[in-house]
Amino acid sequence: MDVEAVLFATDESLQDLRLTSKGDIFAVKAFCHRQSKMHQNEEDDYEERKRKLVEELKKGRERESEI
């Protein structure tokens with residue numbers, strides 16, 4: 001089961017996977033939530049860096065065309 005699947009799984013589904021303690025279920029879901037959030041932040045950072053790079057390239061082209 002991947003991180004996203006755990007986040008959408010019911011407690012009963014996780015209990016079927018032998019996570020019988022409520023504390024264990026909570027801990028697994030909290031861990032997966034942190035992992036998912038971290039992954040999303042990495043994707044957002046990548047997209048922001050890419051956007052800035054494209055802007056800089058456009059500015060460079062505009063400066064070259066003015067010469």
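Here, each number is a calculation from the coordinates, and none is a lab measurement. The structure displayed is predicted, hence computed values, not measured ones. All Cβ positions, even for glycine, are placed from backbone atoms using ideal geometry, and neighbour counts span all protein chains on display.
Before moving on, here are some points about what is shown:
Quick grid of which residues meet (1) surrounded by 10 or more Cβ atoms within 10 Å (Cβ to Cβ); (2) not acidic (Asp, Glu):
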site: Thr10; (1), (2): no, yes
site: Leu17; (1), (2): yes, yes
site: Lys29; (1), (2): yes, yes
site: Glu47; (1), (2): yes, no
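Here's the yes/no breakdown for (1) part of a helix (DSSP H, G or I); (2) in contact with a helix residue (DSSP H, G or I) (Cβ under 6 Å, 6 or more places away or on another chain); (3) touching a residue at least 12 places away in the same chain (Cβ under 8 Å):
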residue: Met1; (1), (2), (3): no, no, yes
residue: Glu4; (1), (2), (3): yes, no, yes
residue: Lys52; (1), (2), (3): yes, no, no
residue: Leu57; (1), (2), (3): yes, no, no
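- With respect to being surrounded by 12 or more Cβ atoms within 10 Å (Cβ to Cβ) and among the small types (Gly, Ala, Ser), Ser65 falls outside the description.
- The set of residues from the stretch 12-27 being among the polar types (S, T, N, Q) and either part of a loop (DSSP other than H, G, I, E, B) or in contact (Cβ under 8 Å) with a residue 24 or more places away in the chain (or both) comprises Thr20, Ser21.
- Every condition in (1) within 14 Å of the chain's Cα centre (by Cα); (2) part of a loop (DSSP other than H, G, I, E, B) is met by Glu47 except one, and the failing one is (2).
- The stretch 28-47 residues that are in contact (Cβ under 8 Å) with a residue 24 or more places away in the chain, paired with ones that are part of a helix (DSSP H, G or I) (beta carbon under 7 Å, 6 or more apart): Cys32/Val3; Cys32/Val6; Cys32/Leu7; His33/Leu7; Gln35/Val3; Ser36/Val3; Ser36/Glu4; Ser36/Leu7
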